[in-house]
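Asker: Can you read through this structure? Questions will come right after.
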Amino acid sequence: MIGPFEANGSAHTTKKVSVVFVLGGPGSGKGTQCANIVEHFGYTHLSAGDLLRAEIKSGSENGTMIQNMIKEGKIVPSEVTIKLLQRAIEENGNDKFLIDGFPRNEENRAAFEAVTGIEPEFVLFFDCSEEEMERRLLCRNQGREDDNIETIRKRFKVYMESSLPVIEYYNAKGKVKKIDAARPVGEVFEAVKAVFTPPSDKVKAASWSFKWND
Ligand SMILES: Nc1ncnc2c1ncn2[C@@H]1O[C@H](COP(=O)(O)OP(=O)(O)O)[C@@H](O)[C@H]1O
Ligand SMILES: Nc1ccn([C@@H]2O[C@H](COP(=O)(O)OP(=O)(O)O)[C@@H](O)[C@H]2O)c(=O)n1
């Protein structure tokens with residue numbers, strides 16, 4: 001559903017946007033698959049974590065607070081993250097967004113809905129075991145301060161306690177598309193593609209392959 005969208009807390013804009021939330025544990029492959037979705041389906045990828053890390057680098061007054069929260073695997077107050085997401089949506093000409101790593105707790109979810117009026121079209125949920133996610137994070141090699149075993153364990157705890165309930169909330173509304181994310185990247189993307197391909201195109205693809213084999 002597309003809702004009215006408040007740009008900066010004072011003025012409403014009429015920008016109509018379609019949003020997909022991309023959720024899953026740390027290291028489940030959200031960023032990797034978002035890059036594929038952007039390439040194939042024309043969405044703009046907004047990673048809440050990337051926006052927060054850019055805010056630290058920009059020398060913003062919130063930088064030190066954000067950096068400390070990320071180091072501890074804690075969730076930054078919604079007000080800060082939502083402002084960054086709003087600005088990114090406003091500044092972008094596209095009307096289709098993948099919002100990756102957000103909402104990460106009930107506060108994120110409720111505040112985003114209240115401030116923007118945006119309801120996600122659906123929630124793409126990457127389901128992966130902790131063991132596999134830990135392996136991936138320890139090999140990620142992006143020089144992230146939070147990809148060390150101590151912070152990883154804290155992030156897993158926050159994910160279980162605060163983020164899973166948000167996924168359950170959307171699941172109860174029939175909005176969750178769950179993907180088995182423990183498989184190799186290409187196989188995961190095949191499952192993702194099926195979610196984004198409109199049913200009419202799936203019929204076309206099936207009849208083409210039928211003719212081809214005829
Ligand atoms: N399906 C997969 N199988 C193996 N490794 C993966 C897979 N998907 C992503 N990775 C790797 O795991 C790490 C974490 O992936 P990433 O997309 O950054 O996860 P997230 O955004 O959910 O934290 C990266 O190094 C990435 O290259
Ligand atoms: N909505 C969000 C998203 C990320 N974050 C912070 O950013 C960190 C990294 O998030 P991320 O989405 O980039 O990475 P992963 O933990 O998914 O690998 C989180 O552990 C939080 O500290 C947040 O506070 N609020």
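The values are calculated or read from the model by the stated rules, or taken from the named source; none is laboratory data. If you're wondering where the values come from, they're calculated on a predicted model, not measured in any experiment. FYI the Cβ positions are ideal-geometry reconstructions off the backbone, even for glycines, and counts take in every protein chain you see. SASA here: full protein model, heavy atoms, side chains in, ligands and nucleic acids out. Shrake-Rupley method; radii C 1.70, N 1.55, O 1.52, S 1.80 Å.
Asker: Only one of A194, A111 is small (G, A, S), away from ligand 1 (no atom under 15 Å from the Cβ) and touching an Asp or Glu at 6+ places or on another chain (Cβ under 9 Å); which?
Answerer: A111
Asker: In addition: Looking at region 17-34 only, could you name the residues that are surrounded by fewer than 21 Cβ atoms within 10 Å (Cβ to Cβ) and touching a strand residue (DSSP E or B) at 6+ places or on another chain (Cβ under 7 Å)?
Answerer: Listed by number, the residues that qualify are V17, S18, G31.
Asker: A follow-up question, please. Does E72 count as more than 29 Å from V195 (Cα to Cα), more than 8 Å from ligand 2 (Cβ to nearest atom) and among the charged types (D, E, K, R)?
Answerer: Taking the combined requirement at face value, the residue does not satisfy it.
Asker: Is it true that V188 is within 16 Å of ligand 2 (Cβ to nearest atom) and β-branched (V, I, T)?
Answerer: Yes, satisfied.
Asker: Would you call G143 on the phi > 0 side of the Ramachandran plot, without any contact (Cβ under 8 Å) to a residue 24 or more places away in the chain and within 16 Å of ligand 2 (Cβ to nearest atom)?
Answerer: yes
Asker: Filter region 137-157 for residues that are near ligand 1 (Cβ under 8 Å from one of its atoms) and surrounded by fewer than 18 Cβ atoms within 10 Å (Cβ to Cβ) and give the result.
Answerer: Of everything in region 137-157, those that are near ligand 1 (Cβ under 8 Å from one of its atoms) and surrounded by fewer than 18 Cβ atoms within 10 Å (Cβ to Cβ) turn out to be C139, R140, N141, Q142.
Asker: Another question, then. What number goes with the only condition from (1) open to solvent by 60 Å² or more (accessible area, probe 1.4 Å); (2) charged (D, E, K, R); (3) within 28 Å of E168 (Cβ to Cβ) that D100 does not pass?
Answerer: Failed condition: (1).
Asker: Moving to a separate point now. Is one or more of the residues making up region 37-60 open to solvent by 40 Å² or more (accessible area, probe 1.4 Å), of a type in the set (D, E, K, R) and assigned to a loop (DSSP other than H, G, I, E, B)?
Answerer: For region 37-60, residues open to solvent by 40 Å² or more (accessible area, probe 1.4 Å), of a type in the set (D, E, K, R) and assigned to a loop (DSSP other than H, G, I, E, B): absent.
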